[in-house]
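A short worksheet on the structure shown next.
The values are calculated or read from the model by the stated rules, or taken from the named source; none is laboratory data. The model shown is predicted, which means the values in this text are computed figures rather than measured ones. Glycine gets a Cβ as well: all are built from the backbone with ideal geometry, and neighbour counts include every protein chain shown. Ligands, DNA and RNA are stripped out before the accessible areas are found, and what is left, the full protein with its side chains, is counted by its heavy atoms. Shrake-Rupley method; radii C 1.70, N 1.55, O 1.52, S 1.80 Å.
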Amino acid sequence: MPVIMGTAGHIDHGKTTLVKALTGIDCDRLSEEKKRGITIELGFAHLDLGGDERVGIVDVPGHEKFVKNMVAGAAGVDFVTLVIAADEGIMPQTREHLEICQLLGVTTGLVAVTKVDMVDEEWLEMVLEEVAAYLEPTFLGGAPIVPVSAHTGQGLDDLKQAIAGLLAEFSPKRRSDLFRIPVDRVFTMKGHGTVITGTMVSGSVSLGENVTLYPGGLQSKVRGLQSHGQTVEQALAGRRTAVNLAGLEVDDIRRGDVLARPGTLFPSEVWDLELTVLESSRLPLKHRREIHFHHGAREVLARIHLLDREEVAPGETVVCQVRFKEPLAGVYGDRVVLRSFSPLRAFAGGRIICPAGHKVKRFSDTVEVVRRLTDDAPEVVAATQLELAGPEGLTFEELLTMTNQESKALEKTLGVLGGRQQAVLFDKETRRYAGGELVQSLADGLLAHLDAFHKKDSMKPGVQRGELESSWGRGLPPKLFHFILEKLLKRGDVVAEQDILRLKDHKVSLASDQAKVRETILTAYRDGGFTPPNLKDVLEPLNMDSRQAMPVLKLLQDQGELVRVKDDMYYHRPALEDIRERMVGFFADNQEMSAPDFKDLTGLSRKYLIPVLEYFDKEKITVRVGDVRHLRKRS
């Protein structure tokens, strides 16, 4: 399996010289580096250990002014070789580099004690004991410590054997389905165009693939690939990779941009973190403190927002939020490092637990929900991310970055959560999920809304679907609203009668006086037949006006008893249906019908004749052409 080794250590302890002695590659490529004799930028090499075993090497600068470059390089390494000069021993950047590796989640490595040709055996023995004692409580406790000299070659074979032995027991875990390269270099090659380089932290990429640069979203295509200096058609995770990009200029790309496939990363201005302040930090981390924030190869200014306290003491671990001025693209579990302004040194670090966070109210119940993301159980993480996402939910692609699970593993996880009613697929087209508890809560809320609607106006048979969506469903994704409604309809809790929705047990109920009004109005229009009475005449004995009678009139319309032809003119439905049937029968033998024809057919006076004809026009039963009407053809 491809593996990346990083160097670490104080300035002038011989990191770059050691890499050259091991590989034959000089990592100091800048003229200023050669002139000053110090490493400023990241350097890259590879070490062949025989057979197909090749180790990529990232050589980092040791000077305190270039620690930000060191962090960018160390972010992609699998194990570290800590370089300590025998003539100086442990120095400030030895300590800081070791702490940075610890914050970045590096868990294994070895130690090269260099420049042994410059000290006597007694001194070397003392330095070796000092180094072993210092490293004992760290992740390098018990790691191989190899004395070497890049100038004489002493110990180089032993160091290679130590690296090979470490690789034999080391198997880094990398995702195979999420291609990502944090860009640490960008340049132009004559005849080729723009090239980016970086350590591929996961996935793979092939010639001709479409790719995207995040967070900006610039699109490109892979024109060429090199891995460890060799031209390849496919590059794999764990290797130093150079990608020739089509259609982009050098100025379009910045260090720290992430190359990935389109639609696989989701930049955000807020991340949730699990953060630890180093015990060596001189000061606590306070709420809203501005810091240098490092993720992958990117360094930005950011502000820390503590959620459940005012400060974090050295040695403490908390969940918190980091907020950026512009979006960054991350993945659950990615490691981050915080550096202070004064002194300019690493003092805290940790991992992303939500790379698309929402602003959380401090000291609220939501803080405990965020804290659950520190649980490494896949089901807990996925369910919690859905809970925090709220009604918008998360797509399958978003969940891949929010859980850092492989596609097949995530499908299994969502299957388990679906069985527990903790995850609900409410939009199959976009594969968007919502938290099961939220969906149930919304379903209960819809039922409660309908119940309140019925109680407020018991004479109405229900609420129109569109009205329900624009009132109760306002702010919900339309697909989620329809999913919840269909669920309740299928379950029988809600009944649909055409476009009217009601609770299954709801029945229109009238007070005794309202029932009397209903019966009086209905009788008057039933008896009126083709010539219904004036509404005012019907209501006068009841001491009511049309406004007061409107709820009962609306109920009679909803129940299909009355039809409103115009303004205050109503017909008993069977009477109007009789007129319609006569008219349709007339058109069976005639192509057109005039107003006098309609009068002869129905016996209606002009008071009723014109409104009824216009009603049939409005209902698209007839169509008026000049002074005659035709039966509208059904499409």
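Amide H to amide H distances under 5 Å link Thr622 with Asp617, Arg632, where only residues 5 or more positions off or on other chains count and H is placed in the peptide plane.
For the peptides 550-563, 439-452, what is the packing order when you average, over each peptide's residues, the other Cβ atoms within 10 Å and list the highest mean first?
Details: 550-563: 17.6, 439-452: 15.7.
The packing order, highest mean first, is 550-563, 439-452.
Other residues whose C-beta falls under 14 angstrom from the C-beta of Ala164 contribute a net charge of -4, scoring Lys and Arg +1 and Asp and Glu -1.
Annotation: amide H of Gly6 within the under-5 Å range of Val58, Asp78, Phe79, Val80, Thr81, sequence separation 5 or more or interchain, hydrogens built in the peptide plane. Distance from the Cα centroid of segment 412-445 to that of segment 528-545 is 54 Å (rounded to whole angstrom).
Here the dipole of the chain is about 2520 debye; that uses its Cα centre as origin and unit charges on the Cβ of Lys and Arg (positive) and Asp and Glu (negative).
Phi angles of segment 493-507 translate, via the Karplus equation with coefficients 6.51, -1.76, 1.60 and θ = phi - 60°, into HN-Hα couplings of 6, 10, 10, 10, 10, 6, 9, 9, 10, 8, 5, 4, 9, 6, 10 Hz per residue; Gly and Pro are given as x.
In a DSSP loop and with at most 12 other Cβ atoms within 10 Å, the trypsin sites (Lys or Arg not before Pro) in segment 151-216 are Lys173, Lys190.
In units of the compact-protein estimate 2.2 N^0.38 Å, the chain shows a Cα radius of gyration of 1.49.
In the chain, a dipole from Cβ-located charges (positive for Lys and Arg, negative for Asp and Glu) runs towards its positive end, and of Leu307, Gln440, Gln234 it is Gln440 whose Cα lies farthest in that direction. Segment 236-309 and segment 578-610 have Cα centres lying 78 Å from one another. Given their separation in residues at 0.36 nm each and the Cα-Cα distance between them, Arg323 and Val369 gain 14.7 nm when the chain is fully extended.
Between Arg491 and Glu392, the simple label model (points 7 Å from Cα in the Cβ direction) yields a spacing of 2.7 nm. Convex hull volume per residue, computed on the Cα atoms of segment 486-635, equals 144 Å³.
Could you calculate the contour length gain from Asp451 to Ala246, that is, 0.36 nm times the residue separation minus the distance between their Cα atoms, to one decimal place in nm?
On the way: separation 205, 0.36 × 205 = 73.80 nm, distance 6.01 nm.
Extra length from Asp451 to Ala246 when fully extended: 67.8 nm.
If you take all other residues with their beta carbon under 14 Å from the beta carbon of Gln226, and give Lys and Arg +1 and Asp and Glu -1, the sum is +4. Less than 5 angstrom separates the built amide H of Ala85 from those of Thr114, all sequence-distant by 5 or more or on a different chain. Near Leu631: Cβ cut-off under 14 Å, other residues only, Lys/Arg at +1 and Asp/Glu at -1. The net charge is +2. Per residue, the accessible area of segment 114-185 comes to 56 Å², computed with a 1.4 Å probe over protein heavy atoms only.
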